[in-house]
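Just below is one structure, and these are the notes that go with it.
The values are calculated or read from the model by the stated rules, or taken from the named source; none is laboratory data. Quick caveat, the model's predicted, so the values are computed rather than measured. No Cβ is skipped: glycine too gets one built from the backbone with ideal geometry, and neighbour counts run over all protein chains shown. For the accessible areas, the whole protein counts, side chains as well, though only heavy atoms, and no ligand, DNA or RNA atoms are used. Shrake-Rupley method; radii C 1.70, N 1.55, O 1.52, S 1.80 Å.
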Amino acid sequence: FACLAWSHSETRLLYVAEKSRPKRQPLCPWDVPGAAWLAAEDEDEEVTDQAVPQGKQFVYHEDWGEALSTRSVPVLCVLDLEGLSLSVLEGVPEHLSPGQALWSPDDHGVVFVGWWHKPFRLGLNACSNRRSGIFHLDLASGCCGEHWGPVGCPGCPWDADPLLPTELLSAENGSVCSPRLSPDGQRLLYLEGIVGGPHRQCLRLNMVSWASRAPGMAVPPSQCSAPFAAFAGLYTEVLPPRCWAADSRRAVLGTPQRSRTVSPGDGTARGVTHTPHGSPEGCWELLTLQWDLLVATCSAPHHPPSLVVAMLPPAGQELPLGWVPVEDTPTVPGVTWKTLTVQPPCSGLSPAVQRDSGGTLAVLLAPQVMPMLARGGPHAVFDARWRPSMAALCQLGFAVLLVNYRGSLGFGQASINSLLSRVGEQDVADTQLAVEQALHREPLDPHRLALLAGSHGAFIALHLLTREPERYQACALRSPVSNLPALLGTSDIPDWRYTSLGLPYSFERVPRAEELATMLLRSPISQAAQVQTPVLLCVGAQDRRVSPMQALELYRVLQARGVPARLLWYPEGGHALAGVETEASVFKNCAHWLLQHLGQ
């Protein structure tokens, strides 16, 4: 939701805040039904007025899920620096949660993203499939329509005006984010995906003419990942705050492309131009583009991020870019890496789907003893960026295999869709094949293998432990998914449980017995009796995406069967187990667990 935007006159500041809620007063043992709240003599009368009415102290208030548990009802606020006043903008429909706001070209209105929160909120973090729209709020009238033609906002005094222009600038049933206004104020650029389906997807780059409100598509989604040299689509979660060139005809952004992240430039001719840095490998991220000065970072698995700048040439002359290092960082000694391409068999896929869904790419960091790292998502990507923990594992003597199974971002929408209904099968088989290919191609010890994974990656790792109980000598998991049906009532994204099995989801849906049985059969917990490998489990007590009870249930099963297991419970940790102290503890314990059980 966050935003912080200056008006063009630089006299007002637009931002998002959480709507205040009356404070809950402490209960007293002598409280009786119907009695008024007892206030201390020196209690401020204003605080008393804001107290929760009796009988409503424990009413449940929804929030936006994982990493957004303190976000429920965001509001748009304006700080007027000339008048020294602060105001909350009125006119936003009650069924929308506003955010990512910016000023309209004339400062007479505000453009914002509005997320539907009816009938209830689903988790928003890392989900680009939630219904939302780009809205324009006219500050002069306070009107924010959400329909085309003569229909305005519910209850709006202008509703009867047949000439009322639409205030919804995007599609009525889309999922949008990152509105960015061109320097000349004539074009509005934003990202759009479909509602429902995979929680991450290939996005469209859409553009709206501000004067005519005419929509258009700047970059369409890519369905097919072949050939490997082709542009595979846009997958970025957010556009840079400043991404427009000074000519208002081009935009620059970064996006994963298979195992890399690159920066394509977009022009009015709907053309895409890659702007690589001169190296065929690595990860590039655009920080900002101001007055045609590009500021970016570049990194690789053995190279921490370096800051670079370049001037954007005139249209049609973008390549090559002359990058100038501002702050370079040395490479880490003893770490080498390469990208491995693995082509899985069709395994039940039609030839067309098999061709379009692409192959599996893996990034291998040397040296010799190999833990395989399975990432979460499942719709995410291991690109060739700097990851301190992976470099540290290499320093400890491990080779690290990062697997992008089919369904990963950066390979086309067909690759993402190929995983639906095949979760627990295709992703596990692809990862297993990547391990076998790495052992075949590289000088690695097949008798000293370990698994290190989180979230959906831990789901894959547990499946591997049940399929080949004697192959892996150690396993360390973060926020593991082990029991799919149990997540229906505990996760902030219950819709994904249905989508992953190829089933449609609706807010009214309740689980059926046969669906629960299918989910359980796909769950590692159903085969946990096969696990022989020592397992370390790390969970956050505040995880809203994957309940820590998943790990506790698995831990008890392993303990009962005499399998070496250890559970680390972080009271303030969320799904990502973020924070300096938590991250350090997780890495230290995982590394020690692997070293201990691999005999090092």
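Tabulated data for the structure shown
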{"item": "Single match in 512, 545 (criterion: open to solvent by less than 50 Å² (accessible area, probe 1.4 Å) and of a type outside the set (Gly, Ala, Ser))", "result": "545"}
{"item": "Flag for residue 550 being open to solvent by 30 Å² or more (accessible area, probe 1.4 Å) and not small (Gly, Ala, Ser)", "result": "no"}
{"item": "Residues of the range 62-84 that turn out to be in contact with a Leu (Cβ under 8 Å, 6 or more places away or on another chain) and over 18 Å from residue 117 (Cβ atoms), as a count", "result": "5"}
{"item": "Qualifying positions in the range 521-534 - touching a Leu at 6+ places or on another chain (Cβ under 7 Å) and either free of Cβ contacts under 8 Å to residues at least 12 places away in the same chain or of a type in the set (Val, Ile, Thr) (or both)", "result": "525, 526, 531, 533"}
{"item": "Strands (runs of 3 or more DSSP E) completely within the range 163-218 that count 2 or more residues being outside the structural domain of residue 502 (by the TED database), of a type in the set (A, V, I, L, M, F, W, C) and open to solvent by 10 Å² or more (accessible area, probe 1.4 Å)", "result": "175-181"}
{"item": "Scope the range 413-456; condition basic (Lys, Arg) and outside any helix (DSSP H, G or I); matching residues", "result": "422, 448"}
{"item": "Condition met for residue 9 (of a type in the set (Ser, Thr, Tyr), modelled with pLDDT of 90 or more, under 17 Å from residue 112 (Cα atoms) and exposed (fewer than 14 other Cβ atoms within 10 Å of the Cβ))", "result": "no"}
{"item": "When residues of the range 53-70 are limited to those that are at positive phi and open to solvent by less than 70 Å² (accessible area, probe 1.4 Å), the one modelled with the highest pLDDT", "result": "65"}
{"item": "Matching entry among 151, 176 (being modelled with pLDDT of 90 or more and among the hydrophobic types (A, V, I, L, M, F, W, C))", "result": "176"}
{"item": "Members of the range 305-325 found to be part of a strand (DSSP E or B) and buried (at least 17 other Cβ atoms within 10 Å of the Cβ), listed by number", "result": "305, 306, 308, 310"}
{"item": "Options 450, 438, 434, 392: the member that is touching a residue at least 40 places away in the same chain (Cβ under 8 Å), hydrophobic (A, V, I, L, M, F, W, C) and closer than 23 Å to residue 546 by Cβ", "result": "450"}
{"item": "Verdict on residue 397 being assigned by the TED database to the domain that holds residue 521, on the phi > 0 side of the Ramachandran plot and open to solvent by less than 10 Å² (accessible area, probe 1.4 Å)", "result": "no"}
{"item": "Subset of the range 568-599 (residues that are more than 16 Å from residue 376 (Cβ to Cβ) and in contact with a strand residue (DSSP E or B) (Cβ under 7 Å, 6 or more places away or on another chain))", "result": "568, 569, 570, 582, 589, 593, 594, 597, 598"}
{"item": "Test: residue in the range 425-438 that is open to solvent by less than 20 Å² (accessible area, probe 1.4 Å), among the charged types (D, E, K, R) and assigned by the TED database to the domain that holds residue 345", "result": "yes"}
{"item": "Given (1) open to solvent by 30 Å² or more (accessible area, probe 1.4 Å); (2) at pLDDT 95 or above, index of the condition residue 537 fails", "result": "(1)"}
{"item": "Residue that is least open to solvent (accessible area, probe 1.4 Å), among those in the range 489-506 that are of a type in the set (Phe, Trp, Tyr) and touching an Asp or Glu at 6+ places or on another chain (Cβ under 9 Å)", "result": "498"}
{"item": "Residue in the range 506-513 that is under 27 Å from residue 449 (Cβ atoms) and more than 23 Å from the chain's Cα centre (by Cα) present", "result": "no"}
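Every residue, every condition in (1) on the phi > 0 side of the Ramachandran plot; (2) in contact (Cβ under 8 Å) with a residue 40 or more places away in the chain; (3) among the hydrophobic types (A, V, I, L, M, F, W, C), yes or no:
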| position | (1), (2), (3) |
| --- | --- |
| 492 | no, yes, no |
| 497 | no, no, no |
| 501 | no, yes, yes |
| 519 | no, no, yes |
| 547 | no, yes, no |
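Residue-wise test of (1) of a type in the set (D, E, K, R); (2) in contact (Cβ under 8 Å) with a residue 24 or more places away in the chain.
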residue: 78; (1), (2): no, yes
residue: 85; (1), (2): no, no
residue: 91; (1), (2): no, yes
residue: 94; (1), (2): yes, no
residue: 98; (1), (2): no, yes
residue: 107; (1), (2): yes, yes
residue: 111; (1), (2): no, yes
residue: 121; (1), (2): yes, yes
